[in-house]
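Participant: Let me begin by handing over the structure; questions about it come next.
The values are calculated or read from the model by the stated rules, or taken from the named source; none is laboratory data. Just so it is clear, the model here is predicted, and its values are computed rather than measured. Here the Cβ positions follow ideal geometry from the backbone for every residue, glycine too, while neighbour counts run over all protein chains shown. What goes into the accessible areas is simple: the full protein's heavy atoms, side chains included, and nothing from ligands, DNA or RNA. Shrake-Rupley method; radii C 1.70, N 1.55, O 1.52, S 1.80 Å.
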Amino acid sequence: MIPLSATMKRVSRPTRAPSSAKKRHSAKNANVLRAKSTGQIRIIGGQWRGRKLPVLNAEGLRPTTDRNKETLFNWLMPYINEARCLDVFAGSGGLGLEALSRYAAHCDFIELDKQTATQLKSNLTLLKASKKASTNVHQGDALSILKGVSETPYDIVFVDPPFAKGLVEPTLTALKEKQLVHSGSVIYLEHESALATPALPAHWQIIKEKQSSALRYMLIEVS
């Protein structure tokens, strides 16, 4: 007869992975974490000026440069205070966060990537944004979310979609059809320079515009 104690030892002894396997697993996890957390954005004006915030690397993520943000928010100076804002393809949230830093009253963010949306929520918490304004982060497909994102029109809308996805025209159409803008609203649109800006609805006009070798960006006024 085999002693009971010996049987228990054989049954309960765990199988241990070789130390080399554990090292490989740890290294793999570390590489994944580094791949998803190597980036920063900087807020360039307003109450959070100079704050740097972590951003995750995600496919299609293309934060607006500080130089372009400076141009844009100079354009927006007459509109930004107490504005209701919508950041349609939020990514890092750089445009919406910049608007909140400059005392916009509200911002809805829409972001497809789940982890990027989670990081954006974390950054809003880090900034204690809820003490100064109201914010919402909507995770999912932008064109689907636009169908019911708000019953109240926005004063400022940021439209900076991933390149080469055919999203510019349907997004502008959704803003008009869902009545997400009103007379006096402004829309910031950024797209690749090779793309022709689609025909705008009646009474929408481009009031500011710049172009580089890579992209074209403009401010559209709804009247």
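Participant: For segment 188-210, give me the residue count where each residue is touching a Phe, Trp or Tyr at 6+ places or on another chain (Cβ under 9 Å), open to solvent by 50 Å² or more (accessible area, probe 1.4 Å) and farther than 15 Å from Phe163 by Cα.
Facilitator: Final tally of qualifying residues: 4.
Participant: Would you be able to say whether some residue in segment 176-187 is at pLDDT below 95, open to solvent by 40 Å² or more (accessible area, probe 1.4 Å) and hydroxyl-bearing (Ser, Thr, Tyr)?
Facilitator: There is no residue in segment 176-187 that is at pLDDT below 95, open to solvent by 40 Å² or more (accessible area, probe 1.4 Å) and hydroxyl-bearing (Ser, Thr, Tyr).
Participant: Among residues belonging to segment 115-147 that are farther than 26 Å from Pro54 by Cβ and touching a residue at least 12 places away in the same chain (Cβ under 8 Å), point out the one that is least open to solvent (accessible area, probe 1.4 Å). Talk me through it step by step, then tell me what you get.
Facilitator: Within segment 115-147, the first condition is being farther than 26 Å from Pro54 by Cβ, and the residues that meet it are 143-144, 146-147.
Going one step further and asking which of them are touching a residue at least 12 places away in the same chain (Cβ under 8 Å), we end up with 143, 146-147.
Details: Leu143: 51, Leu146: 2, Lys147: 144 Å².
Once the filter is applied, the top-ranked residue is Leu146.
Participant: Identify the single condition in (1) touching a helix residue (DSSP H, G or I) at 6+ places or on another chain (Cβ under 9 Å); (2) open to solvent by 60 Å² or more (accessible area, probe 1.4 Å); (3) part of a strand (DSSP E or B) that Val157 does not satisfy, given that it satisfies every other one.
Facilitator: That leaves (2) as the condition not met.
Participant: Can Leu97 be described as open to solvent by less than 10 Å² (accessible area, probe 1.4 Å), in contact with a Gly (Cβ under 6 Å, 6 or more places away or on another chain) and either assigned to a helix (DSSP H, G or I) or of a type in the set (Val, Ile, Thr) (or both)? Even if it seems obvious, please write down each step before you answer.
Facilitator: On the way: open to solvent by less than 10 Å² (accessible area, probe 1.4 Å): yes; in contact with a Gly (Cβ under 6 Å, 6 or more places away or on another chain): no; either assigned to a helix (DSSP H, G or I) or of a type in the set (Val, Ile, Thr) (or both): yes.
No, not satisfied.
Participant: How many residues are crowded, with 17+ Cβ neighbours inside 10 Å and either in contact with a helix residue (DSSP H, G or I) (Cβ under 7 Å, 6 or more places away or on another chain) or at pLDDT below 85 (or both) if we restrict to segment 63-82?
Facilitator: 5
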